[in-house]
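Working notes for the structure below.
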Amino acid sequence: MKMTTRGSRIMALVAAAALVWACGAPEADAPAADSGAGPPNIVLILADDLGYADIGIYGSEIISTPHIDALAASGVLFTDGYVSHPVCSPSRAGLITGRYQQRHGWEFNPAGRDVNAGMSLDESTLADRLKALGYRTGMVGKWHLGHQEPHHPMSRGFDEYFGVLEGGSIFIDSSLPGVEYGSRRGEEGPTERRNKVLRGFEEEKVERYLTDVFTDEAVEFIERSAAGDEPFFLYLSHTTPHTPLQATAEYLEGYRHIEDQRTRVYAAMVASLDESVRRVVETLKAQGVYENTLIAFASDNGCAGYIGNACSNGPLFGFKRYHHEGGVRIPFIMSWPAAVDGGQEISHPVITLDYMATFTAAAGEEAETEDSVNLLPYMTGEADGAPHEYLYWRAGASVAIRDAQYKLIKLNRTDFRPENLRGDGRLQPPEGGWPTDSPHGQLTLLYDLDADVGELNNLAAEQPDVVARLEVELDSWRGTLLDEQILPGVRSTITQIDGEWVQLVF
Ligand code: CA
């Protein structure tokens, strides 16, 4: 384990966060049922568009997240945790199947018009696998892997579902007292719920702040399940802090001093996420099942540049939509008090694809996939070294690979310019989606992440041998993927990197 100055700071924060639990939430004597015997319960908490440095223990200087920090202190903080795609839906498809989503055709974010499309029905999900191992399975929150009945979470291994199937949802009526909408332009926030909140397959009217409602549902699922004989798997997939930026007075209270409205509201949204983690952990403790519960926490992609500096990826370059670190490196925490020592930090690259092997190994029968590595031996100290030699990314023409030290990114050059962008910051795609070839060729970027985590110094021209080696690995991986995807890549934007205009497809 490399211990940098930043690493030392994290360890100091881990110690400080440990005190939060020690002082603020003394543990009662654990009941006999919480001894750690038998397969653990598994709780996966996913945030939406939460940036790498938007929580205290990962370096936020403006947002306080004592309960997420305490979760890290109780287990393992991964400094180099990744998702398999820099936007919502493909990232979730990789996470839920434990396989790079390009292997099963879900490479791009679905456009709103494709209402019948969904992730391949040939894939097994985390819920399918854990259910087969005797788990009670529940999901609360954002799905974003298909709208129709065959794609619904309850058709994909979950016994219960409460949430929104779509990619985004408003949190509350902006006209209610105390609600603030994070707009700089002064327009009114949404006052109608555009997205359906479902209990199972039936719509349910929700009037309160959506994050609180999701937390209530998660708490009730844990309470119901803890009383049963089977272990449980809960996938709590929050829509916060994705846009629209909306927060209630309760969460804004600690952030009134922040002048910038978007930053203030965003911070309050992260506070609601921290409160959710607090309530989940408290419920597990109250039910006597905390010690033998594996809790994982992550974000589905990095923070979004289009919300105007209201969020932070810290020292990382780029945002959601980018294959640079700011798009794909995310907070990544795992805790399992009965089996894993707290206060650990692991700096080897890991990825949310690893949940499949890790969770099923914890459940007693590891489900092997070519992409997913069981992280438990690394967390218990049985294994050392790097779980992955390489991690890979692809969204059409945009591709990337990293090893222990280097990251190679290739992006299509473009002659599109900002005046070609639509109001949503995207380009109008051609019929059938964006081609993977560019008449302008590709920009090749090589970064030494050890020396340059901010990906500011392109070494491609200086280190052609490293470029060539990583290109071979990348091409070899691409050769194992499907060329044809369920949906074409239609979404993209442009940005300037290293002095050149490139098109980012997502
Ligand atoms: Ca997202």
Give the share of C-alpha pairs in each 10 angstrom bin for segment 405-450, from 0 to the last occupied bin, in whole percents, shortest bins first. 21, 40, 27, 11, 0
Rg (Å, one decimal) plus Dmax (Å, integer) for the alpha carbons of segment 141-201? 14.6, 43
So what is the orientation-averaged projected area of segment 269-368, using the convex hull of its C-alpha atoms, in nm²? 8.0 nm²
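Using alpha-carbon pairs under 8 Å, 6+ residues apart, how would you state the relative contact order of segment 242-325 in percent? Let's see the in-between values first.
Numbers: 64 pairs, mean separation 18.4, N = 84.
This gives 22 percent for segment 242-325.
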Cα Rg over Rh - segment 42-124, Kirkwood: 1.05
With n ≥ 4 as the cut-off for DSSP H runs, can you work out [θ] at 222 nm for the chain, using -39500 (n - 2.57) per run divided by the number of residues, rounded to the nearest 500? -7500 deg cm²/dmol
In whole angstrom, and with the biggest value first, how far do the Cα coordinates of segment 82-193 range along each principal axis? 49, 29, 29
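Which percent of the accessible area of the chain is formed by carbon and sulfur heavy atoms (probe 1.4 angstrom)? The partial results should precede the final answer.
Working: 8880 of 18930 Å².
On the chain, the fraction of accessible area on carbon and sulfur atoms equals 47 percent.
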Need the C-alpha centroid separation for segment 313-357 versus segment 120-156, integer Å. 23 Å
Would you kindly derive the ³J(HN,Hα) couplings of segment 299-316 from the backbone phi angles with the Karplus curve 6.51 cos²θ - 1.76 cosθ + 1.60 (θ = phi - 60°), listing them in order in whole Hz, with x for Gly and Pro? 10, 7, 5, x, 6, 8, x, 6, 9, x, 6, 7, 10, 9, 9, x, x, 7
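Roll a 1.4 Å probe over the protein chains and send me the accessible area per residue for the chain in Å². Intermediate results must be reported in sequence, preceding the final value.
Working: 18930 Å² over 506 residues.
With all protein chains present, the chain gives 37 Å² per residue.
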For the chain, the percent of all C-alpha pairs falling in each 20 Å bin, from 0 up to the bin holding the max distance, is 24, 60, 16, 0
Over the Cα atoms of segment 207-358, how large are the radius of gyration and the largest Cα-Cα distance (Dmax), in Å? 17.0, 51
Sites ARG184 and ASP475, calculated FRET efficiency, Cβ-Cβ separation with R0 60 Å, nearest 0.05: 0.85
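Considering all alpha-carbon pairs of segment 310-351, what whole percent are spaced by more than 17 angstrom?
The answer is 47 percent, as a whole percent.
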Mean projected area in nm² (Cα convex hull; one quarter of hull surface) for segment 409-506: 7.7 nm²
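Using C-alpha positions alone, give me the convex hull volume of segment 342-433 per residue in cubic angstrom. Before the final figure, lay out the partial values.
Numbers: hull volume 17.4 nm³, N = 92.
Given the Cα convex hull of segment 342-433, per-residue volume reads 189 Å³.
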Per q in 0.16, 0.18, 0.25 Å⁻¹, report the Debye log10 I(q)/I(0) for segment 162-244, using one uniform scatterer on each alpha carbon and no solvent. -0.68, -0.82, -1.30
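Can you give the extra length, in nm with one decimal, that the chain gains between ARG417 and ALA286 once fully stretched, where that is 0.36 nm per residue apart less the Cα-Cα distance? Intermediate values should be presented prior to the final figure.
On the way: separation 131, 0.36 × 131 = 47.16 nm, distance 5.61 nm.
Result: 41.5 nm gained on full extension.
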At a temperature of 25 °C and a viscosity of 0.890 mPa s, determine how fast segment 32-82 diffuses translationally according to Stokes-Einstein, using the Kirkwood radius over alpha-carbon pairs as Rh; express D in µm²/s, rounded to the nearest whole number. 188 µm²/s
Taking Cα pairs closer than 8 Å and at least 6 residues apart, the relative contact order of segment 351-506 in percent is 22 percent
Solvent-accessible area of LEU133, probe 1.4 Å, all protein chains present, reported in Å² to the nearest ten, please. 50 Å²
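Can you give the relative contact order of segment 155-289 as a percent, counting alpha carbon pairs under 8 Å and 6+ residues apart?
Relative contact order here is 29 percent.
The values are calculated or read from the model by the stated rules, or taken from the named source; none is laboratory data. A quick note: this is a predicted structure, and the numbers were derived from the prediction, not measured. Here the Cβ is made from the backbone with ideal geometry for all residues, glycine too, and neighbour counts use every protein chain on show. Each accessible area value is taken on the protein alone, full model and side chains, heavy atoms only, with ligands, DNA and RNA left out. Shrake-Rupley method; radii C 1.70, N 1.55, O 1.52, S 1.80 Å.
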